[in-house]
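Read-outs: derived from the displayed coordinates by stated rules, not from any lab. All values reported here derive from a predicted model rather than from experimental measurement. Cβ sites come from the backbone with ideal geometry, for glycine too, and all protein chains shown count toward neighbours.
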Amino acid sequence: MNLKLTPSLNKFTSKHNAILILENGKIYKGLGLGKKGKTIGELCFNTSMTGYQEIITDLSYADQIINFTFPHIGITGTNDTDNESLEPAAKGVIIKNTLTSPSNFRSQISLNDWLIKNKLIGIQGIDTRSITNLIRTNGYLNAMIINGVSNDIEISKNLKELKLWEGLKGKDLASKVSCKVAYKWKDKSFYNKDYYQIKMNNLKKHSKKSIVVIDYGVKQNILRLLTDRNFDITVVPANSTFEEIMKHKPKGIFLSNGPGDPMATSKISNPVLKRLFKTNLPIYGICLGHQLLAIALGAKTEKMLNGHRGGNQPVQSTKNNKVEITSQNHGFVVKKNNLPKNIEITYSSLFDGVIEGIKVKNKPIVSVQYHPEASPGPQDTYSFFDSFYLSVNSQKSKINAKT
């Protein structure tokens, strides 16, 4: 077997006690990070310069190893506030520069200690740009990180194990990371608690409305921003039935982000969403929620070559050509060809032209591929949540008018 060693693995030193093995046989030697052990996942890269804690705790990264393109990761430490989930689902992290002592007034523990606490394996001190170029050119690669190695490691045996890993395609990971029972959410944004008084006093004219968020791997900032807009929020599991959702008497439905192959998860979501469409309730979706909504409407999805992951992703509105900078994290996309006639494209990526938003003609059904909640990333698209709020309340008026 012709293994490509980068750099040479002839001898490990105290500075090189971890390796990254790619399924194409390429191997990187580095310094261990986080928990000792072995992990396998699909390799992806994220271009964000900040927000590494939010990124790692985003459940959309389930079964993935995150390669950070920005070299200085971990410099502000970690805290108990910035998590986007209770327990990370990512398989590992890769960073270029070796960790230094964190420096930030909000820091509680170092990134290394935080990774150990969350049972995550990583590697540092390797050429992340080289890895990014590989993914960008050749597409996704499965990878293995081993933290804690010695000179007698059997590379061939581990490479064989890696090649047997099935990858993400065809996997319903949303059911794996979703909550198991319904619960109420009440926490508002940390730094925007007076949102109504500052920007949207008119929203106070409406009474608090009940909505249901279907949890496919929901980020907590989505729930915070919905709470900011005076919603009574019930979060339900991904496998909830139509009856289990409607018993909460929602005035709107929100489909969350999440991991895995949307076509696999659609086997669970399709029957429920098709019935929800008939209620004429406002239905909004983000990322995986957007893809599942599109599939239920008759569209198809496909895996991208290398995906969009970062906080600097430009999208353009088809309505007024306005450009917004968004945070994104997706490796699948809704296919443009053969879209049902009732679906209208609302946003497209300025990087590669893929669909970044849709709506259904003459119905309050709207979704976006990007992450309007950011965390981390720009807040250009917070208005997506305002739109949902207004849709829920205007829909209520229409229902009252009909009755």
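A few points about this structure:
- Overall form of the chain per C-alpha gyration tensor (a/c, 1.5; a/b vs b/c): prolate
- Stretched out straight at 0.36 nm per residue, the stretch from E344 to M49 would grow longer than its current Cα-Cα span by 102.9 nm.
- Cα gyration tensor shape for segment 174-402, rounded if a/c is under 1.5, else prolate or oblate: rounded
- Exposure proxy for Y216, Y389: other Cβ atoms within 10 Å of each Cβ, ordered fewest to most, give Y389, Y216.
- Counting DSSP beta bridges with both ends in segment 174-402, the antiparallel % (nearest 5): 60 percent
- Straight-line reach from K208: taking Cα to Cα under 12 Å and skipping same-chain neighbours fewer than 8 places apart, the aspartates and glutamates in range are D228, D232.
- Going from the fewest other Cβ atoms within 10 Å to the most, the residues S375, S156, S175 appear in the order S156, S175, S375.
- Rounded to the nearest 500, the helix-only mean residue ellipticity at 222 nm of the chain stands at -7000 deg cm²/dmol, with each DSSP H run of n ≥ 4 adding -39,500 (n - 2.57).
- Dipole magnitude for the chain: about 1060 debye, using +1 per Lys or Arg Cβ and -1 per Asp or Glu Cβ, origin at the Cα centre.
- Rounded to 10°, Cα long-axis angle of helix 128-138 versus longest principal axis of the chain: 70 degrees
- Sites E302 and R136 - FRET efficiency at Förster radius 25 Å, r taken between beta-carbons, to 0.05: 0.90
- Violating pairs (Cα-Cα greater than 26 angstrom) within the set K184/K336; K26/K219; K303/K363; K26/K303: K184/K336; K26/K219; K303/K363
- Listed by chain and number, the aspartates and glutamates whose C-alpha is less than 17 Å from the C-alpha of K278, apart from same-chain residues fewer than 8 away, are E243, E244.
- Segment 4-163, relative contact order in percent, only Cα pairs under 8 angstrom and at least six apart counted: 33 percent
- Cα gyration tensor shape for segment 113-196, rounded if a/c is under 1.5, else prolate or oblate: prolate
- Taken along its three principal axes, the alpha carbon spread of segment 4-163 comes to 44, 33, 24 Å, from the longest extent down to the shortest.
- Violating pairs (Cα-Cα greater than 25 angstrom) within the set K29/K157; K251/K274; K91/K322; K29/K160; K119/K176; K322/K361: K91/K322
- 10 Å-binned pair-distance histogram of segment 71-126 (Cα, whole percent): 24, 57, 20
- Considering only I116, I21, I358, the Gaussian network model of the chain with Cα springs below 10 Å gives its largest mean-square fluctuation to I116.
- Dipole moment magnitude, nearest 20 debye, segment 174-402 about Cα centre, only Lys, Arg, Asp, Glu C-beta charged: 900 debye
- Here the residues F190, F68, ranked from fewest to most Cβ neighbours within 10 Å of their Cβ, fall in the order F190, F68.
- Ordering M246, V149, F332 by the projection of their Cα atoms onto the charge dipole of the chain, which places +1 on the Cβ of Lys and Arg and -1 on the Cβ of Asp and Glu, puts M246 at the extreme positive end.
- Label-reachable residues, segment 237-276, where backbone N falls under 18 Å from a point 7 Å from E166's Cα toward its Cβ: 259-269
- Of all DSSP bridge pairs formed entirely within the chain, close to 60 percent run antiparallel.
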